Amino acid sequence: MSTASTRGTRRSPLARHLGTLMFLAGLIGALAFGWIVFPPLMYSSTEQPIQFNHKIHMGEAGMACADCHPFRDDGTFAGLPTTAQCAECHEEPIGDSPLEKAFIDEYVRKGREVEWLVYSRQPMNAYFSHVAHVTVGKLTCEECHGDHGATETIPPYQVNRISGYSRAVGGAATAGRALLPTEVMRMDTCSDCHEKHGRRSPCLECHK
């Protein structure tokens with residue numbers, strides 16, 4: 001074979017590595033999609049009916065968590081306050097905030113309940129007793145719910161499109177996204193806390 005013919009069949013360095021470059025580009029693109037683009041797509045997002053400032057209630061007003069989220073006489077958790085409870089302080093607007101006025105006009109004066117979307121609502125197969133943790137275990141609200149009382153706004157309610165569960169009670173955080181202030185009721189959080197307090201519970205104690 002002549003030298004000229006040999007030169008014609010040789011591939012350039014770029015051509016020789018083109019397959020490798022295409023593979024790396026595809027790999028990087030797939031990793032970027034999986035780590036950055038895909039995690040947010042897993043969740044639908046719904047704004048709460050109204051905004052709420054926990055900080056101003058806990059700080060300036062000097063309220064405690066139990067003032068709005070009390071236990072009933074039998075020890076069960078009452079959950080969210082009713083509009084009637086809010087009206088004890090907010091029968092008329094306090095200050096000149098448009099959000100405050102909207103709450104009074106749309107809920108207090110009409111006697112409507114706010115249809116809050118509860119971040120920490122547990123899946124059907126998970127059992128949680130507030131009285132066992134607060135009364136018996138002596139845990140504070142912040143140990144499970146984080147520094148929620150210091151927030152000035154409340155984030156959207158996000159639901160996993162596949163499981164239907166609230167993002168706040170999911171598993172460990174998916175790579176590529178930060179935790180929300182409300183995203184603290186995860187199974188790994190509960191397991192770590194039980195381990196910390198020397199309580200190794202069997203699976204069926206929490207998963208009925």
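Key figures
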item: Neighbourhood net charge (13 Å Cβ-Cβ; Lys/Arg +1, Asp/Glu -1) for ALA126; result: +2
item: Rg to Rh, two decimals, where the range 90-164 supplies the alpha carbon set and Rh follows Kirkwood; result: 1.06
item: Mean separation of Cα contacts under 8 Å (6+ apart) over length of the range 64-174, as relative contact order %; result: 22
item: Of MET185, MET22, MET58, the one that fluctuates the most in a GNM where the chain has Cα springs shorter than 10 Å; result: MET22
item: Percentage relative contact order, the range 83-136, counting C-alpha pairs under 8 Å, at least six apart; result: 31
item: Matching label, Rg and Dmax of the Cα atoms in Å computed from the structure shown, candidates (i) 18.5, 74; (ii) 15.9, 47; (iii) 26.6, 99; result: (iii)
item: Two-site FRET efficiency, LEU18 against SER191, from Cβ-Cβ distance with R₀ of 30 Å, rounded to 0.05; result: 0.05
item: For the chain: lysine pairs under 28 Å (alpha-carbon distance), excluding those fewer than 8 apart on one chain; result: 7
item: Computed [θ] at 222 nm, helices only, for the chain once each DSSP H run of length n ≥ 4 contributes -39500 (n - 2.57); result: -9000 deg cm²/dmol
item: Dipole axis of the chain (+1 Lys, Arg; -1 Asp, Glu on Cβ), positive-most option in THR151, PRO123, ALA61; result: PRO123
item: Loop chymotrypsin sites (Phe, Trp or Tyr not before Pro), the range 56-143 (other Cβ atoms within 10 Å of the site Cβ: 15 or fewer; DSSP); result: TRP116, TYR127, PHE128
item: Over the chain, relative contact order from alpha-carbon pairs under 8 Å, at least 6 apart, %; result: 26
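Bear in mind that the values in this text are calculations on the coordinates, not laboratory data. What you see is a predicted model, and the numbers here were worked out from it, not measured in a lab. As a convention, Cβ positions derive from the backbone with ideal geometry for all residues, glycine included, and neighbour counts pool all protein chains shown.
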